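A.B. asks: What follows is a single structure, and I will ask about it in a moment.
What follows draws every value from the coordinates through simple rules; no lab data is involved. Predicted model only: the values in this text are computed from it and were never measured. Cβ atoms come from the backbone with ideal geometry, glycine included; neighbour counts cover every protein chain shown.
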Amino acid sequence: MLREIISNDWFTIFLILGLAFITLCKYLFASRFKDFVSIISNSKYLKIYARDQKFIDGFDALLFLNLIISVSIFSYIVYASLVHPSAFNLTQFFKLIFGIGVLFLIKVLFERLIGSVFEIDTLIDSYLFQKTTYKNYTGLLLLPINCLLIYTLSPTKPIIFACIGVIVLINLLGFISSFKNHQKLLLNNLFYFILYLCALEIGPYLILFKIIKDFNA
């Protein structure tokens, strides 16, 4: 059982830290947060806040910190349940958090660089805003999921794959939303779009899988 090998004390600390980032975000940006949590059923958030996006945004930064923590915890649960059950190691977990955080940041910065080089900054900024929004929403959803998997449910394969399915579905909705908004432009440049998917959408997640697979080595 996973709860026999996880240090609940450490995971409680990290879960509280993620909750603190979300609470601070809700406190500082109450109106925006209210629109954000209804993103799945209402596109109001994307229409309003896409126009006011900044390179460094406090709202997204706080949710991004929770995203890194939540993804790291969930990745550990998946690894410990399906790959190699092992005792919790704080140093290795920090390496996992660092690896995931750096991977996400480098990916965003590289996409912005591409937008600047090809002079499509407006398009890239709009696409990144939508994608970041759905990723941060995933981090928000992962917090209660992680709590259930650590303290309540036994993380069996069906439960884990169901959780992964929900995560993929949310991000797929974000991708479809972005595609619909820029459909004409993307279809006119289909080759470059496919190249982008392979290099910057599929590739980084293969790297992330490798990080998760090897982090306990």
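Here is a yes/no grid of residues against (1) aliphatic (A, V, I, L, M); (2) in contact with a Phe, Trp or Tyr (Cβ under 9 Å, 6 or more places away or on another chain):
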{"site": "Ala87", "(1), (2)": "yes, no"}
{"site": "Ile100", "(1), (2)": "yes, no"}
{"site": "Ile114", "(1), (2)": "yes, yes"}
{"site": "Leu149", "(1), (2)": "yes, yes"}
{"site": "Gly174", "(1), (2)": "no, yes"}
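A.B. asks: Here's a follow-up. If you check Thr156, Thr132, which single one turns out to be farther than 19 Å from Gly18 by Cα and not aliphatic (A, V, I, L, M)? Outline the logic, then answer.
C.D. replies: Details: Thr132 fails: farther than 19 Å from Gly18 by Cα.
Unique residue meeting the criteria: Thr156.
A.B. asks: So which residues in the range 119-160 are part of a helix (DSSP H, G or I) and either among the acidic types (Asp, Glu) or without any contact (Cβ under 8 Å) to a residue 12 or more places away in the chain (or both)?
C.D. replies: Step one: filter the range 119-160 for residues part of a helix (DSSP H, G or I), giving 121-152, 157-160.
The answer is Asp121, Thr122, Asp125, Pro144, Leu148, Thr152, Pro158, Ile159.
A.B. asks: Restricting attention to the range 77-96, report how many residues are touching a residue at least 40 places away in the same chain (Cβ under 8 Å) and under 22 Å from the mean Cα position of the chain (by Cα).
C.D. replies: Within the range 77-96, the first condition is being touching a residue at least 40 places away in the same chain (Cβ under 8 Å), and the residues that meet it are 77-90, 92-93, 95-96.
Going one step further and asking which of them are under 22 Å from the mean Cα position of the chain (by Cα), we end up with 77-83, 90, 92-93, 95-96.
Selection size over the range 77-96: 12.
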